[in-house]
1. Quick one: how many lysine pairs does the stretch 68-219 have with C-alpha atoms less than 27 Å apart and a gap of 8 or more or different chains? Give me the count, please.
2. When Lys and Arg each count +1 and Asp and Glu each count -1, what net charge do the other residues less than 13 Å away from Leu125, Cβ to Cβ, add up to?
3. Once you place label points 7 Å from the Cα toward the Cβ at Lys185 and Leu124, how far apart are they in nm?
4. Please compute the Cα-Cα pair-distance distribution of the stretch 18-144 with 10 Å bins starting at 0, giving whole percents from short to long.
5. Give the longest segment of the chain that steers clear of GluC sites (Glu not before Pro) in DSSP loops with at most 13 neighbouring Cβ atoms within 10 Å, not counting the sites themselves.
6. With θ taken as phi - 60° and the coefficients 6.51, -1.76 and 1.60, list the Karplus ³J(HN,Hα) couplings across the stretch 77-90 in order, rounded to whole Hz; mark glycine and proline as x.
7. Test of understanding: what is the full-extension gain from Arg100 to His59, defined as 0.36 nm times their sequence separation minus their Cα-Cα distance?
8. Which semi-axis lengths, in whole Å and largest first, follow from the square roots of five times the eigenvalues of the Cα gyration tensor of the stretch 5-56?
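The numbers here are math on the coordinates, done by the rules we state, and not lab data. Small disclaimer: the values here were computed from a predicted structure and weren't measured. Here the Cβ positions follow ideal geometry from the backbone for every residue, glycine too, while neighbour counts run over all protein chains shown.
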Amino acid sequence: MSEKLIAPSVLAADFANLQRDVEMINKSDADWFHIDIMDGVFVPNISFGMPVLRDIVKHATKTIDVHLMIVDPDRYIQTFVDLGSNILTVHYEACTHLHRTLQAIKSAGMKAGVALNPHTSIQLLEDTIQDIDMVCLMSVNPGFGGQSFIENTYAKVSALKEMITRKNASTLIEIDGGVTNKNAKQLVEAGADVLVAGSYVFKSSDPMATVKDLKSLVN
């Protein structure tokens, strides 16, 4: 079984001490940096933009996993590759021509991810799953950190895993929202490969120990 990955969500970091928190992730057992870019239109919140991402990348030594919660993501594909993103995830709900967007991300040299809101059916990915490197299942409603986990996510993960296997795809499953030590193991057992954890890591008294615990819990 392949190693399960932990991706701390920088949205929950202390922005006044961003370099410190980036270096903490570098030193920790975490695998990726998960970075949420929000535009205040697709989701009711604005996170950080390109200059902050540029500064994060300057200090980060691990995979940069960028989650775009924005309308018309195609406009910015080249920008994000120039900024050093390794994985670019777009929302199914924000893409009129999903297949074309996926091809554009890949031809720019990044891995292509697709995020689904809690109410969006995985069945909608049936035709494109072989072109998707990673599906990010939102286990909270997107836009704000610190929300509680939606229980229906386990069934969604299992169904998605079944589709990936049936279609002979190599797509990873990422879970974003409300991940803690209470549900991490169950999510991995259902078929998840990557767990995004924000508040749970950064609001803990010892973030490095929290990451280490999560990592050992799922591997």
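1. 27
2. Values: positive: Lys156, Lys161, Arg166, Lys167; negative: Glu93, Glu126, Asp127, Asp131, Asp133, Glu162.
It works out to a net charge of -2.
3. A separation of 3.4 nm, rounded to one decimal place.
4. 13, 45, 34, 8, 0
5. Details: sites that count: Glu3, Glu126, Glu151.
The longest uninterrupted stretch comes out as 4-125.
6. For the stretch 77-90, the Karplus curve yields 4, 5, 4, 6, 5, 5, 7, x, 6, 9, 10, 10, 10, 10 Hz.
7. Values: separation 41, 0.36 × 41 = 14.76 nm, distance 3.21 nm.
So the chain would gain 11.5 nm between Arg100 and His59.
8. Its equivalent ellipsoid spans semi-axes of 21, 13, 9 Å.
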